[in-house]
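Following: one structure in structure tokens, then a few remarks.
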Ligand SMILES: [Zn+2]
């Protein structure tokens, strides 16, 4: 069990089913059935703080090794990037039922994947890069 999954025996997270389509350039977009859940603000803040503090704590130690400054800047920027990403990961995919617009192969996203709008994904059958478009109006306001 990872921190991304809802706890067993805990309250079920609220899920939403926004309108979604799978698009591939040169092909007609196909509707997809997408279920997302909202991550709690406290969970996102805790995770962001852990990433930022870890980056700041690692920076002085990695700076001991030549060429010094790039390692420290790398640790800091990685920590702050992961913190920023955690804060902006409000919705996660619970389930995706859809088919590739080109080859009709069923597409899947792993549960707990961070939902980006639009969300890139690839078809494992024809190896084309698709886009999962989600109507932001169908997602609840902050
Ligand atoms: Zn395909």
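Here, each number is a calculation from the coordinates, and none is a lab measurement. Note that this is a predicted model, so its numbers are computed, not measured. When we count neighbours, we look across all protein chains shown, and the Cβ atoms used for this are built from the backbone with ideal geometry, even at glycine.
Under the criterion of Cα pairs below 8 Å and six or more residues apart, the relative contact order for the chain equals 28 percent. Think of it as helices only: each DSSP H run of n ≥ 4 in the chain is worth -39500 (n - 2.57), and spread over all residues that comes to -10000 deg cm²/dmol at 222 nm.
Diffusion of the chain by Stokes-Einstein, at 10 °C in a medium of 1.306 mPa s and with Rh set to the Kirkwood radius over alpha-carbon pairs, works out to 92 µm²/s. Multiplying the residue separation of residue 16 and residue 125 by 0.36 nm and removing their Cα-Cα distance gives an extension gain of 36.4 nm.
The calculated FRET efficiency for residue 40 paired with residue 105, based on their beta-carbon distance and R0 = 30 Å, is about 0.30. The radius of gyration of the Cα set in the stretch 40-89, together with its Dmax, comes out at 12.0, 41 angstrom.
Counting 0.36 nm for each residue step from residue 78 to residue 28 and taking away their Cα separation leaves a gain of 14.1 nm.
Please rank 73, 132, fewest neighbouring Cβ atoms within 10 Å first, as an exposure proxy. Present the calculation step by step, with values, prior to reporting the outcome.
Values: 73 13, 132 22.
The most exposed by this proxy come first: 73, 132.
Calculate, for residue 49 and residue 95, the FRET efficiency according to 1/(1 + (r/R0)^6) with r their C-beta to C-beta distance and R0 25 Å; round to the nearest 0.05. So, using R0 = 25 Å, E works out to roughly 0.25.
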